[in-house]
Amino acid sequence: MRSSPGGAAVRLKDIARVELGSKDYDFVGRYNGKSATLVGIFLQPGANAIEVAETVKDRLQALSRGFPAGLSYSIAYDTTRFVEVSIREVVKTLAEAMLLVFLVVYLFLQNWRATLIPIIAVPVSLIGTFAGLLLLGYSINTLTLFGMVLAIGIVVDDAIVVLENVERIMHEEKLNAREAAIIAMREVSGPVIAIVLVLVSVFVPIAFLGGLTGELYRQFAITISIAVAISGVVALTLTPSLCVLMLKREHRQPGRFFTAFNDWFRRVTHATRAA
């Protein structure tokens, strides 16, 4: 505790009782009514919860082979189970969103070749988003996956804008896919770039929020911003190329269902304009 120049020293044992005890005595460790030693595992900042949990489980299983008789371990509370369920549900929502995109595009375009184009373009944008998050040091978690779910509806819009314009020019001006794509890109390149810039200008400022709220929203905002930027590049490059490769000048009549749907949609459109 203290020493003097003459060599005298005051030791801890001189003024206190020293013993090996618990950190605190506010609780007693029990599991299923039996005495137990409770050990908590806490994550370091930036650590992957699921990876840490798997590592701890593997280590405990390896150590348990050398436990003395009567000693065993059990995981009483595992927070990563909720993380895994959340991620699983978000992935399920991603699949449902992709299915809805496919059905809506096919319902209005009524051409399976045209429907495949946004279905191909959307995964390219999402995979590019994962790569962007990796470069920025972010992990795949509930927030980033939730941003992906919302980004699907945004990234598909750019591809649909290009696709529908190519289809319109092909049918109205009786041009092949290559000529229609060239004309269409002259018309929609500016609007696509404007869409990307507007959306990015909305979400990027959120990434600069401070405090706990900013920390939560930052990953969400960056995920959507990256997805939107990549979808714009895909819409200006990959989508017109796919249109040239996959679209054909077809003049077949739609089936009964699509004929009835087109008539109903036309009536609703006229009624809306009249109102």
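Considering only the range 127-140, I want to know if a residue exists there that is hydroxyl-bearing (Ser, Thr, Tyr), in contact (Cβ under 8 Å) with a residue 24 or more places away in the chain, open to solvent by 20 Å² or more (accessible area, probe 1.4 Å) and over 12 Å from Ser231 (Cα atoms). Yes: the range 127-140 contains one or more residues that are hydroxyl-bearing (Ser, Thr, Tyr), in contact (Cβ under 8 Å) with a residue 24 or more places away in the chain, open to solvent by 20 Å² or more (accessible area, probe 1.4 Å) and over 12 Å from Ser231 (Cα atoms). Contact annotation: no residue pair with Cβ atoms under 6 Å, 6 or more positions apart or on different chains, pairs a residue in the range 79-101 that is modelled with pLDDT of 80 or more with a partner that is of a type outside the set (Gly, Ala, Ser) and not in a helix (DSSP H, G or I).
Of the residues Val91, Val105, which is assigned to a helix (DSSP H, G or I) and open to solvent by 20 Å² or more (accessible area, probe 1.4 Å)? Every option except Val91 fails the conditions.
Phe146: assigned to a helix (DSSP H, G or I), open to solvent by 40 Å² or more (accessible area, probe 1.4 Å) and in contact (Cβ under 8 Å) with a residue 60 or more places away in the chain, yes or no? Yes, satisfied.
Looking only at residues of the range 220-242 that are surrounded by 22 or more Cβ atoms within 10 Å (Cβ to Cβ) and of a type in the set (S, T, N, Q), we find that the one that is nearest to Leu116 (Cα to Cα) is Thr239. Working only within the range 28-39, note down all residues that are under 28 Å from Val83 (Cα atoms) and either open to solvent by less than 60 Å² (accessible area, probe 1.4 Å) or in a loop (DSSP other than H, G, I, E, B) (or both). Answer for the range 28-39, where residues must be under 28 Å from Val83 (Cα atoms) and either open to solvent by less than 60 Å² (accessible area, probe 1.4 Å) or in a loop (DSSP other than H, G, I, E, B) (or both): Gly29, Asn32, Ala36, Thr37, Leu38, Val39. Taken as a whole, the range 243-257 holds at least one residue that is part of a helix (DSSP H, G or I) and loosely packed, with under 10 Cβ neighbours inside 10 Å.
Looking only at the range 153-173, decide whether some residue is of a type in the set (Val, Ile, Thr), open to solvent by 60 Å² or more (accessible area, probe 1.4 Å) and assigned to a helix (DSSP H, G or I). No, there is no match, as no residue in the range 153-173 is of a type in the set (Val, Ile, Thr), open to solvent by 60 Å² or more (accessible area, probe 1.4 Å) and assigned to a helix (DSSP H, G or I).
Look at Lys57 and say whether it is assigned to a helix (DSSP H, G or I) and either closer than 30 Å to Glu164 by Cβ or charged (D, E, K, R) (or both). So Lys57 passes the test.
Residues are listed down the side, and each one gets a yes or a no for (1) under 16 Å from Ile75 (Cβ atoms); (2) touching a helix residue (DSSP H, G or I) at 6+ places or on another chain (Cβ under 8 Å); (3) free of Cβ contacts under 8 Å to residues at least 12 places away in the same chain; (4) exposed (fewer than 10 other Cβ atoms within 10 Å of the Cβ):
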residue	(1), (2), (3), (4)
Ala8	no, no, yes, yes
Arg11	no, no, yes, no
Val18	no, yes, yes, yes
Asp26	no, no, yes, yes
Ile41	yes, yes, no, no
Pro45	no, no, yes, yes
Ala53	yes, yes, no, no
Leu60	yes, no, no, no
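Of all the numbered requirements in (1) surrounded by 12 or more Cβ atoms within 10 Å (Cβ to Cβ); (2) among the aromatic types (Phe, Trp, Tyr); (3) at pLDDT below 85, Phe261 misses one, and that requirement is (3). Selection of first residues in the range 248-264 that are basic (Lys, Arg) and of second residues that are open to solvent by 60 Å² or more (accessible area, probe 1.4 Å) and at pLDDT 70 or above, restricted to Cβ pairs under 7 Å at least 6 apart or on distinct chains, gives the following pairs, ordered by first then second residue: Arg249/Asn176. Can you confirm whether Ser35 is in contact (Cβ under 8 Å) with a residue 40 or more places away in the chain and out of contact with any Cys (no Cβ under 6 Å at 6 or more places or on another chain)? No; evaluated as a whole, the condition is false for this residue.
The values are calculated or read from the model by the stated rules, or taken from the named source; none is laboratory data. As the structure is a computational prediction, the values presented were derived from the model and not from experiment. Neighbour counts run over all protein chains shown; Cβ positions are idealised from the backbone, glycine included. The area values use the complete protein model at the heavy-atom level, side chains included, leaving out ligands, DNA and RNA. Shrake-Rupley method; radii C 1.70, N 1.55, O 1.52, S 1.80 Å.
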